[in-house]
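The values are calculated or read from the model by the stated rules, or taken from the named source; none is laboratory data. Quantities reported herein were computed from a predicted structural model and do not represent experimental measurements. Quick reminder, even Gly has a Cβ in these numbers, built from the backbone with ideal geometry, and neighbours come from all protein chains shown. SASA here: full protein model, heavy atoms, side chains in, ligands and nucleic acids out. Shrake-Rupley method; radii C 1.70, N 1.55, O 1.52, S 1.80 Å.
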Amino acid sequence: MSVAILTALREGPLRYSKLHHAVSQVSPDVVHARTLTDTLNYLRSQDLVEHHQGDDGADYRLTGGGIELVDLLGEIDRWSRQHRASGERT
């Protein structure tokens, strides 16, 4: 679920309900609110996600480290697709 959360936040900050919806769309299983909350707390403890409270409400957003990790995951995905398409074996 961590990768799904990080990927969803890649496009920008999301409120909890929008984040829950985005993660639920890509998960094959039901995403329970408690699981999402626990995972967000873990990602916050790892300084990958921050909870931002503004005048117009609260949202979750990636930190600098979270952005770097999402970029790295994107490169790994790109590499995997490239090698899978070429039929190379290592």
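Return the total of residues in region 41-51 being in contact (Cβ under 8 Å) with a residue 24 or more places away in the chain and outside any helix (DSSP H, G or I).
First, the residues of region 41-51 that are in contact (Cβ under 8 Å) with a residue 24 or more places away in the chain: 42-43, 48-49.
Adding the requirement that they be outside any helix (DSSP H, G or I) leaves 48-49.
Result for region 41-51: 2.
Restricting region 18-40 to residues that are open to solvent by 80 Å² or more (accessible area, probe 1.4 Å) and assigned to a helix (DSSP H, G or I), which is nearest to Gly64 (Cα to Cα)? Talk me through it step by step, then tell me what you get.
Step one: filter region 18-40 for residues open to solvent by 80 Å² or more (accessible area, probe 1.4 Å), giving 18, 21, 25-26, 28-30, 32, 34.
Add one more test, that the residue is assigned to a helix (DSSP H, G or I), and what stays is 18, 21, 25-26, 34.
Numbers: Lys18: 21, His21: 24, Gln25: 25, Val26: 24, Arg34: 26 Å.
That would be Lys18.
Under 8 Å between Cβ atoms, at least 6 apart or on separate chains: pull out the pairs that start in region 1-27 with a residue that is touching a residue at least 12 places away in the same chain (Cβ under 8 Å) and at positive phi and end on any residue that is open to solvent by 50 Å² or more (accessible area, probe 1.4 Å) and of a type outside the set (S, T, N, Q).
Gly12/Arg61
Can you tell me which residues in region 44-64 are over 12 Å from Leu9 (Cα atoms) and touching a helix residue (DSSP H, G or I) at 6+ places or on another chain (Cβ under 6 Å)?
Asp47
Being among the aliphatic types (A, V, I, L, M) and part of a helix (DSSP H, G or I) is the filter; apply it to region 52-90 and report the residue that is surrounded by the fewest Cβ atoms within 10 Å (Cβ to Cβ). Show your work before the answer.
Step one: of region 52-90, the residues among the aliphatic types (A, V, I, L, M) are 58, 62, 67, 69-70, 72-73, 76, 85.
So of that shortlist, the ones also part of a helix (DSSP H, G or I) come out as 67, 69-70, 72-73, 76, 85.
Working: Ile67: 15, Leu69: 18, Val70: 18, Leu72: 10, Leu73: 14, Ile76: 10, Ala85: 8.
Among those residues, the one meeting the criterion is Ala85.
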